[in-house]
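S.K.: I have a structure I would like to understand better, so I am pasting it below and will then ask my questions one at a time.
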Amino acid sequence: MWDTPYPWLIPLLLVLAAVFLYPILQIVRLSFTDANMIQVGYDYTLESYLRMFTLPGFLPMIGTTAFFVFFSVVFQLFAGFIVALLIVQGEKMNLRGTVVVRTSVLVAWAIPGVVIGVIWGMLYNETDAGIINYALSTIGLGPVSFLSDPTMALLSVTLANIWRGTAFSMILMYAGLKTVSKDVLEAAVIDGASALQRMKNVILPAIAPIILVNLIIISIDTFNTFDMVMALTGGGPGNSTEVIALSIYTAIFREFNLGEGAATAVVLLVVNVVMTLVYLKVLGRRGEE
Amino acid sequence: MMVGAKKQRWIKVGLYISYVLVVLSFLFPLLWVLSLSLQTRFEVLQVPPSIIPTSFAIGNYREVLDSAPVLQYLWNSFRIVASTVVLTLLIAIPAAFALSRYRMKFKSQLMVAVLMTQMISAVVITIPLYRLFASWGLLNQLWLVVLVYVAVVLPFTTWFLKNYIDTVPVDMDEAAIIDGCNKWQMLSRVLFPVSIPGIVSVVIIVAVQSWSQFVIPFILIDDASLYPVSVGVVNLQSTQTQITTHLLAAGSIMSIIPVVILFVLLQRYIVGALTSGAVKG
C-alpha cells in the first residue's frame, strides 16, 4: 500500500478539500442568492451581481483597491531592490553594519498587520503631539490630515503598506542579487562597463525572473490585504480606504448582506486565479531556461 | 578592482549614510511606539512631543496587563502557532515525499491545484467556514482554527519541501532499500535527517505567517479568552481612546516583543531560510 503515492497524499488532499474546495463552492453558490446573515432562508437570484455592479460604491472601491495595490507593489519592488542592492554592495566591501540593516528591515515582516496598523495610526496622530506632524511643523509644513482627509488617508494607508511589504520584497531581491555571478560582473568591469551599464546589461537581466516572481507574490498579498487597513482606518473616512478584502468583510459582517459580500468575494477570487495563472506562466518559463 | 581608493571611500560614505536612513525609517516607528508606551497620559499629549520619555512610566505595562489579558493572548498565539507548525509538518512531509519520489498521473496538475489554493484570500474561505462552524455550534474551537491555519500554509510548505527533497540524491533511497528499510523507515531515517535545513526554513516561515494571521481567528473566534495576539490588539484598540494612547502603545510593544527578540537572535537562520526558499521556489 505504501508503494503507491496516494496514501501519503490523502491528509493533504483532505485538508485542502475541506478548507478550500468546500468554501469556494459555497461562496460561488451564495453569490447567486439573496442570503443575509440574519435570516436562514434564501432564494437564488442574480440580484447580488446586478446590484454590486450598479452600486455607487463599487467603482470607487475598485479604484481604491487599484491605487492601493499599484502603488504598494511599485514602491515595494523599488524600495526592496534598492535596500537589497545597498546590503549586497556593503557585504562585497566587507562593511560593518549590513546585518543591522538587514535585521531592522526584516523585523517589519515579523509584525502582525494589525499591529502595524495600530503603530502607524500613532505616527499619523493629527494633533500637534503627533510625531510626523510635529516634524513637519519644525520645517514650517502641516499639519496634515493624514487619516481624516479621504485622499490623504488612502496615501497614508498605502505608505504604511509599503513600509510593511518592503521587507519581504527586499529578501527576495537580496536572494536574487546573491546569485548574480561575480565572474560575469568582473568581466564587465574589465570590458569598461560603467555601473549603470552593468546594472542594465548584467544585473537586471540576471534577476529578472525573481523580480517577476516577487511582483506576482506581492501583488496577490496586497490584493488580499485586510488586517493592516482595518486597524489603521477601518476603511474610512467614508469608504475612502475600503479595499476589496475589507469591503467583503464589511458587507457580510457589518451590513449582514451575505449575497452581495459573496459576489464581491467571487470578484476577488477571479483576481486571485488570474494572477496565479500568470504566476504559473512565469514559473513555467523559468523552468524551461 | 580598478576603482580608485578615493572613489572607494566615497562609495563607503554613501553606503553608510543610506544605511542610517534605511535603519531609521524601519526602526523609528517601533522606537516611537516604545517611547509612547513609557510616557504618562499627560506627556503623550504634550507639544512638542518628547522623543525620549521623561516620565519613564513603566507602570503603563502593569496597567495594560491588569485591564487586558495580553499574556493570555500571547499564550493563545503560541499554542495555535506551535500546533500549526507540528500538524503542517506531519501532513506536508509525507506529501512532499510522495510528490518527489513517486511517479503518478496528473502530478503536475495536482501541484498546480495545490499552488492555486496558496493564492486565495483567507477572507474568501473563512466566511463559508464561519457559516458552517456556526451552524454546527463549532465556533471558538481552537483545533478547528488550527486546521484552517494549517490549510493556509500547506500549499507553500508542500511545494517548498518537495523542491528540497528533489535535491537529495535518489542513491540514498536505493542504499536504504538495500539495507532493508521500508518506505516509512526510508523517509524517517534517511530523508528526514538530511532535510532538516529545509524543514527549519519552513518552520520559521510558517511560524511567522501564523503568528501574523488575523482574519481567520477574527472571524472564527468570538470568545475573548481564546484570542491570539493579533485579534487581541484590535480588541484593545477598540476599547481605547485618544487619552489612552500610552496604554495601546504598551500593549502593542508587548505583542511584538517576543517575535522581535526571536528575530534578532535568529536573523542569520531566517535570512538563510528565506533566501534559499526564494532561489529554489
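S.K.: Looking at (1) at the interface with chain B (Cβ under 9 Å from one of its Cβ atoms); (2) within 17 Å of the chain's Cα centre (by Cα); (3) at pLDDT 85 or above, which is the only condition A:Val213 fails?
M.R.: A:Val213 satisfies every listed condition except (3).
S.K.: Considering only region A:19-128, give the helices (runs of 4 or more DSSP H) lying wholly within it that have at least 3 residues that are open to solvent by less than 60 Å² (accessible area, probe 1.4 Å), within 13 Å of chain B (Cβ to nearest Cβ) and in contact with a helix residue (DSSP H, G or I) (Cβ under 9 Å, 6 or more places away or on another chain).
M.R.: Those helices (runs of 4 or more DSSP H) span A:22-31, A:58-92, A:98-110, A:113-123.
S.K.: Cβ contacts < 8 Å: first residue free of Cβ contacts under 8 Å to residues at least 12 places away in the same chain, restricted to region A:25-40; second residue open to solvent by 40 Å² or more (accessible area, probe 1.4 Å), any location; separation 6+ or different chain. Result?
M.R.: Correct list of pairs: A:Gln26/B:Arg131.
S.K.: Still on this structure: Take the conditions at pLDDT 90 or above and facing another protein chain (nearest Cβ under 9 Å) and apply them to B:Pro48. Does it pass?
M.R.: No, not satisfied.
S.K.: What single numbered condition from (1) buried (at least 20 other Cβ atoms within 10 Å of the Cβ); (2) under 21 Å from A:Pro112 (Cα atoms); (3) within 11 Å of another protein chain (Cβ to nearest Cβ) fails to hold for A:Ile218?
M.R.: All conditions pass for A:Ile218, except number (3).
S.K.: While we're on this one: Which members of region A:155-173 meet the condition of being open to solvent by 10 Å² or more (accessible area, probe 1.4 Å) and under 18 Å from B:Phe263 (Cα atoms)?
M.R.: Once the filter is applied, which keeps residues that are open to solvent by 10 Å² or more (accessible area, probe 1.4 Å) and under 18 Å from B:Phe263 (Cα atoms), region A:155-173 yields A:Trp163, A:Arg164, A:Gly165, A:Phe168, A:Leu172.
S.K.: To continue, here is another question. Right, A:Met230: of a type in the set (A, V, I, L, M, F, W, C), modelled with pLDDT of 85 or more and touching a Lys or Arg at 6+ places or on another chain (Cβ under 9 Å) or not?
M.R.: Taking the combined requirement at face value, the residue does not satisfy it.
S.K.: For B:Leu74, are the conditions met, namely being within 21 Å of A:Ile111 (Cβ to Cβ), modelled with pLDDT of 85 or more and open to solvent by less than 70 Å² (accessible area, probe 1.4 Å)?
M.R.: yes
S.K.: Which one of B:Ala113, B:Ala98, B:Ala175, B:Ala151 is surrounded by fewer than 20 Cβ atoms within 10 Å (Cβ to Cβ) and within 11 Å of another protein chain (Cβ to nearest Cβ)?
M.R.: B:Ala113
S.K.: Would you say B:Ile178 is more than 25 Å from B:Ile127 (Cβ to Cβ) and without any contact (Cβ under 8 Å) to a residue 12 or more places away in the chain?
M.R.: In short, yes.
S.K.: Just checking, does region B:117-133 include any residue being under 30 Å from B:Pro169 (Cβ atoms), more than 7 Å from every other protein chain (Cβ to nearest Cβ) and either in contact with a strand residue (DSSP E or B) (Cβ under 8 Å, 6 or more places away or on another chain) or modelled with pLDDT under 90 (or both)?
M.R.: yes
S.K.: When region A:232-250 is examined, which residues are found to be within 11 Å of chain B (Cβ to nearest Cβ) and open to solvent by 10 Å² or more (accessible area, probe 1.4 Å)?
M.R.: Once the filter is applied, which keeps residues that are within 11 Å of chain B (Cβ to nearest Cβ) and open to solvent by 10 Å² or more (accessible area, probe 1.4 Å), region A:232-250 yields A:Leu232, A:Gly234, A:Ser247, A:Tyr249, A:Thr250.
S.K.: Restricting to region A:129-143, name every residue that is open to solvent by less than 30 Å² (accessible area, probe 1.4 Å) and either in contact with a helix residue (DSSP H, G or I) (Cβ under 6 Å, 6 or more places away or on another chain) or more than 8 Å from chain B (Cβ to nearest Cβ) (or both).
M.R.: Matches in region A:129-143: A:Ala129, A:Ile131, A:Asn133.
S.K.: Please determine whether any residue of region A:166-181 is on the phi < 0 side of the Ramachandran plot and without any contact (Cβ under 8 Å) to a residue 24 or more places away in the chain.
M.R.: No, there is no match, as no residue in region A:166-181 is on the phi < 0 side of the Ramachandran plot and without any contact (Cβ under 8 Å) to a residue 24 or more places away in the chain.
S.K.: Do you know which residues across region A:1-18 are within 7 Å of chain B (Cβ to nearest Cβ) and under 12 Å from B:Ala151 (Cβ atoms)?
M.R.: The answer is A:Pro11, A:Leu12, A:Val15, A:Leu16.
S.K.: Just to check your reading of the model, which residue among B:Ser225, B:Ser135, B:Ser230 is touching a Pro at 6+ places or on another chain (Cβ under 9 Å), open to solvent by 50 Å² or more (accessible area, probe 1.4 Å) and small (Gly, Ala, Ser)?
M.R.: B:Ser225
S.K.: Assess whether B:Thr88 counts as being in contact with a Pro (Cβ under 6 Å, 6 or more places away or on another chain) and either closer than 24 Å to B:Leu191 by Cα or facing chain A (nearest Cβ under 8 Å) (or both).
M.R.: Judged against the criteria, B:Thr88 is not a match.
S.K.: What single numbered condition from (1) open to solvent by 20 Å² or more (accessible area, probe 1.4 Å); (2) within 14 Å of chain B (Cβ to nearest Cβ); (3) farther than 20 Å from A:Lys92 by Cβ fails to hold for A:Lys178?
M.R.: (3)
The values are calculated or read from the model by the stated rules, or taken from the named source; none is laboratory data. Note that the coordinates shown come from a computational prediction; the quantities given were computed from them, not determined experimentally. As a convention, Cβ positions derive from the backbone with ideal geometry for all residues, glycine included, and neighbour counts pool all protein chains shown. Keep in mind that these areas ignore ligands, DNA and RNA; they rest on the heavy atoms of the full protein, side chains included. Shrake-Rupley method; radii C 1.70, N 1.55, O 1.52, S 1.80 Å.
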